[in-house]
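To keep things clear, I will list the structure first and then write my remarks on it.
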Amino acid sequence: MKRVFLLAALLLLSQPLIAATEGRFVQKNNMFPRVEITTTMGKIVIEMDRSKAPITVNNFLTYVMDGSYKGTVFHRVERDVENERDFVIQGGGYDRNYDGVYEGDPIFNESGNGSKNDMYSIAMAYQDRQPHSGTRQFFFNMDDNDHLNPGKDWGFAVFGMVMEGYETLDEIMQVETGFNEKIGYDFVPKTPVIILNMTVLEPTPL
């Protein structure tokens, strides 16, 4: 009985700690939080926009704060070869062995927020034809991908822009890719490009 009571007490004490890691509590008065993404090929700094995509930004920050992006890979580096243009760099959903990682609940698609899938923007990925199925995977637009914006159908929700590290993304875009039997995808880097860490940066002084 004492053990059960102790476990219950510990669970109650842990609740504020769990809540404190939710994205909505991270710099909650900062509408434009920044995150530094450290990869095996360099660093990228993104600035997110809570004024346009609060659900998506807070969801992303939750994964950043619990450390679950560490050790994941960019599993899709796709170039539109036929039209001689770059397309997207997508990641956050698989570890370096290409095993799927923990996913939270799906979130509402905020693609109608006015932000466009322009080059060097970051957007939430979702499963084919399931616009409200996004959880943790995200992608960088590596060209102006107008066809990913909403029209008659839902688009992909842009929730931020790259502020630093354009050269890192450009370098990732050049890696050799191929078909990966384990996940059944083309455009998978033959040498994994790994996310080593993500850190929320201190707010930029006005």
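The values are calculated or read from the model by the stated rules, or taken from the named source; none is laboratory data. Since the model is a prediction, treat every value here as computed from it, not as a measurement. Virtual Cβ from ideal backbone geometry, glycine too; neighbours counted across all protein chains shown. Just the protein is used for accessible areas: all its heavy atoms, side chains included, with ligands, DNA and RNA removed. Shrake-Rupley method; radii C 1.70, N 1.55, O 1.52, S 1.80 Å.
Selection of segment 43-54 for residues being β-branched (Val, Ile, Thr) and surrounded by 23 or more Cβ atoms within 10 Å (Cβ to Cβ) yields Ile44, Ile46. Would you call Phe138 open to solvent by 60 Å² or more (accessible area, probe 1.4 Å), modelled with pLDDT of 95 or more and among the aromatic types (Phe, Trp, Tyr)? So Phe138 fails the test.
Against the list (1) part of a loop (DSSP other than H, G, I, E, B); (2) surrounded by 18 or more Cβ atoms within 10 Å (Cβ to Cβ); (3) touching a helix residue (DSSP H, G or I) at 6+ places or on another chain (Cβ under 7 Å), the condition Phe108 fails is (2). Select from segment 164-181 the residues that are surrounded by fewer than 16 Cβ atoms within 10 Å (Cβ to Cβ) and either touching a strand residue (DSSP E or B) at 6+ places or on another chain (Cβ under 9 Å) or part of a helix (DSSP H, G or I) (or both) and list them in ascending order. The answer is Glu164, Tyr166, Glu167, Asp170, Glu171, Gln174, Glu176, Gly178, Phe179.
Of all residues in segment 55-101, those being of a type in the set (A, V, I, L, M), closer than 20 Å to Tyr185 by Cα and open to solvent by 20 Å² or more (accessible area, probe 1.4 Å) number 2.
Would you mind stating whether Pro131 is part of a loop (DSSP other than H, G, I, E, B), open to solvent by less than 40 Å² (accessible area, probe 1.4 Å) and not β-branched (Val, Ile, Thr)? Spelling it out, Pro131 is indeed part of a loop (DSSP other than H, G, I, E, B), open to solvent by less than 40 Å² (accessible area, probe 1.4 Å) and not β-branched (Val, Ile, Thr). Scanning segment 186-204 for residues that are closer than 18 Å to Met48 by Cβ and free of Cβ contacts under 8 Å to residues at least 60 places away in the same chain yields a total of 1. For segment 141-163, the candidate set comprises residues that are among the polar types (S, T, N, Q) and assigned to a loop (DSSP other than H, G, I, E, B); within that set, the residue that is most open to solvent (accessible area, probe 1.4 Å) is Asn149.
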